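Take a look at the structure set out below.
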Ligand code: SLL
């Protein structure tokens, strides 16, 4: 399982969240429905090289570690507060170490043009996963159409 010299593969991804206020506050105090997600750009299927995604929610949630092992890589919940979500990407090839990043869940619009909360509040980020000189087995996952 050799490294492929002088080969670099770049995988663009988008990760983030969107949130909408509930019509009515729930008995448990929840005010919003939200989704946190990771996806490929241009509808690319990332399951060819992603094995699973773990979303670590705030500890006030039941089972805060949410493991998603197939498309779509997302978790939907209701809640009342904003917090940082740890997102861990695990790759199909076991020799490739997982990577982690944080996303700040946003429920409330930052500008007051959307104070009525009619539109979903979206917060997302573009990022690029760079695989420099991947091993042969990982290269195969990365180039599978
Ligand atoms: C805050 N530091 O105080 C943050 C914590 C926690 C959000 C936010 C619901 C949990 C549940 C929930 O939205 N927790 O009751 O299921 O704003």
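Read the figures in this text as sums done on the coordinates, not as results from a lab. Owing to the predicted nature of the structure, the values given are computational and were not obtained by experimental measurement. Here the Cβ positions follow ideal geometry from the backbone for every residue, glycine too, while neighbour counts run over all protein chains shown.
Using a cutoff of 8 angstrom between alpha carbon atoms and counting only pairs six or more residues apart, the relative contact order for region 1-84 works out to 29 percent. Each of 130, 53, 41 was scored by other Cβ atoms within 10 Å of its Cβ. Listed from fewest to most, they are 130, 41, 53. Two numbers describe the Cα atoms of the chain: Rg and Dmax, which are 17.6, 58 Å.
Based on Cα contacts under 8 Å between residues 6+ apart, the chain shows a relative contact order of 36 percent.
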